[in-house]
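The values are calculated or read from the model by the stated rules, or taken from the named source; none is laboratory data. As the structure is a prediction and not an experimental result, all values here were calculated from the model. Every residue, glycine as well, gets a Cβ built from its backbone with ideal geometry; the counts of neighbours run over all protein chains shown. Heavy atoms of the whole protein, side chains included, go into the accessibility calculation; ligands, DNA and RNA do not. Shrake-Rupley method; radii C 1.70, N 1.55, O 1.52, S 1.80 Å.
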Amino acid sequence: MRRLIPTGDAARPVAFAEAPQPVPGPGEVLVKVEAFAPNRGETFLLERPRPGLLPGKDVAGLVVQAAADGSGPGVGTRVVGHPASGGWAEYAAVPTHSLAVLPDTLDHVRAAALPLAGITALRLLRTAGSLAGRRVLLTGASGGVGHYVTELAVGSGAELTAVTATPERGRRLAELGATVVHEVATADGPFDVVLESTGGPALPAALARTRPGGTLVWFGQAGRTPVTLDFFDLLAGPERVTIQHFHYAGAPYGPDLAALVRLVAQGRLHPEIGRTADWAQTADTLVDLRERRIRGKAVLTLRTGGADAARAFARQVDLTALAPRVAAPLLVVDGGRDVIPGVTDGAPLARLAPRGTYLSVPHGDHLLGNARPDWLPHLAHHMAGTLTGVR
């Protein structure tokens, strides 16, 4: 079968290769992939691909081999799935707990656009709580997650303001019922709930527009700008804002995929489909999508006045000055293979904090979701020691 694999070449980061069909595990089905959708985070991983990387987390297609343990759908069933990897291929092994059956009314292309962005949107809104009658600010709103959040939040009765880079990217969000602005500073606050994804200067600006007693959820999907915030200055006062960090990951994904499929079938959710291609064009399409993203780096250069100024600004964005003020016990954990944020070494931060401890998981990926047994026990021990004084 054909599979897209990373090349390590910045000019053409993926290429077709012949590979054997994957062998499903007992709780997996083999899916003939009719459509897949690339995600922003996957394009980041292509910049410095680790050995053995097989991209592809959003697929739709036909079950051609049922799970050996009897779970999941049978042969011939049309499905949408969210495997951990390997979806950019003609066949993919998908865990049955991360599948949903497709109705005849939902085609494979639209279905493939659902998993990562849709699951993120659903879980993000659950984290935010009931939004009926509440004022909500959403940054980085013009991507896949933003479109889903906008449609679902407005549909649930929220008064939503969406921040997009340009009027063109915000036009669809306005059609969905959002108030669209292009800078956080122009958003008419205060807001009961802020869903922030861009980091950098947008984060403190969004926090300043959160009402006392409100909630800010940072979910980091729209970019890799380091997240810096002086909590000691911005959160001082009797009425504080609740700040939460959110990441969508955590199987099983099947129930959320089934919910998304139902919403589409009911006409309450409309996947936004951009550029499509057949198998022969797919590699060129992915290169083109990557180039569009790379051109976004020019924004920082433009706003700071030049490449040197942009590099100087980027070097300023760190926690060095803040770390010595963190008097509480601090455990800093990072993964050696976490290339998405662009920051992979937490040792200096732990060293500068008066009571800092550093833990590195060399094989850990973004947010260490692939290595929980290697760091969560350390976190539990650290918290227990901090709370009880017993080490």
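Odds and ends about this structure:
- Test: residue in the stretch 186-193 that is part of a loop (DSSP other than H, G, I, E, B) and of a type in the set (S, T, N, Q): no
- Residue list for the stretch 352-361, filter: within 12 Å of VAL333 (Cβ to Cβ) and of a type outside the set (Val, Ile, Thr): GLY356, TYR358, LEU359, SER360
- Residues that are assigned to a strand (DSSP E or B) and touching a Lys or Arg at 6+ places or on another chain (Cβ under 8 Å) within the stretch 1-42 comprise PHE16, ALA17, GLU18, listed in sequence order.
- Count of residues meeting criterion [in contact with a Phe, Trp or Tyr (Cβ under 9 Å, 6 or more places away or on another chain) and under 18 Å from GLN244 (Cβ atoms)] in the stretch 141-184: 1
- Considering ALA89, ALA11, the condition of being of a type in the set (A, V, I, L, M), modelled with pLDDT under 95 and open to solvent by less than 30 Å² (accessible area, probe 1.4 Å) is satisfied by ALA89 alone.
- Exactly one residue among GLY306, GLY336 is at pLDDT below 70 and over 30 Å from HIS108 (Cβ atoms), and that residue is GLY306.
- Qualifying positions in the stretch 85-125 - without any contact (Cβ under 8 Å) to a residue 40 or more places away in the chain and of a type outside the set (Asp, Glu): SER85, ALA121, LEU125
- Filter result (farther than 29 Å from ARG50 by Cβ and either in a helix (DSSP H, G or I) or β-branched (Val, Ile, Thr) (or both)) within the stretch 358-391: MET383, ALA384, GLY385, THR386, LEU387, THR388, VAL390
- Looking at THR96, THR120, just one residue is among the hydroxyl-bearing types (Ser, Thr, Tyr) and farther than 19 Å from GLY41 by Cβ, and that residue is THR96.
- Selected residue (only one of GLY81, GLY61, GLY25 is at pLDDT 95 or above, open to solvent by less than 50 Å² (accessible area, probe 1.4 Å) and out of contact with any helix residue (DSSP H, G or I) (no Cβ under 8 Å at 6 or more places or on another chain)): GLY25
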